[in-house]
Amino acid sequence: QVQLVESGGDLVQPGGSLRLSCAASGIIFTIYAMEWYRQGPGKQRELVAAITVGGSTNYADSVKGRFTISRDNAKNTVYLQMNSLKPDDTAVYYCHAVKVKGDYWGQGTQVTVSS
C-alpha cells in the first residue's frame, strides 16, 4: 500500500520558517520525482517546488529564494524548507510522487501564516 505522509504544517508569524516533510512508503522512492503543491483558500492547486530523481530542482516564481526542496533517498523522505513566510503562503501543502506511469498524493498539511 502506497502512503505519502506529510508533516510539519503549523501556524507561523509572517517572516517565520517551517520545514515540511513527506515520508513515502510502498514505492521505490528513488525512481519518483517528488513535488510539493499547495492550495490556498479559494485558489486552485499550484505547483510550488519539484525535485527530480537526479536532484535537479524547480520552483514557482512566488517562492524562489525563500523555499528549498530536498530529498533523502535513504529515508524515503522529501522536505520543503520554507523561509520568510508570507500570509499568501497560507495553504494546504501536498506531497506528490510522480513518474511516467503513475502518481500518488499525500493527504496534505496545513500551513497558516498570520500574526
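Nothing in this text is a laboratory measurement; each read-out follows from the coordinates by a stated rule. Being a predicted model, the structure only gives us computed values, none of them experimental. Using ideal geometry, Cβ is built from the backbone for each residue, glycine included, and neighbour counts are taken over all protein chains shown.
Structure above, values below:
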| item | result |
| --- | --- |
| Where Cα atoms sit under 27 Å apart: lysine pairs in the chain separated by 8 or more or lying on different chains | 8 |
| Over the chain, relative contact order from alpha-carbon pairs under 8 Å, at least 6 apart, % | 36 percent |
| Net lengthening on full extension, residue 44/residue 13 (0.36 nm per residue, minus Cα-Cα) | 8.8 nm |
| Most fluctuating residue given options 44, 81, 13, as computed from a GNM of the chain linking Cα atoms under 10 Å | 44 |
| Where trypsin sites (Lys or Arg not before Pro) fall in DSSP loop in region 1-47, at most 11 other Cβ within 10 Å | 43 |
| Separation between Cα centres of region 1-60 and region 69-111, rounded to whole Å | 1 Å |
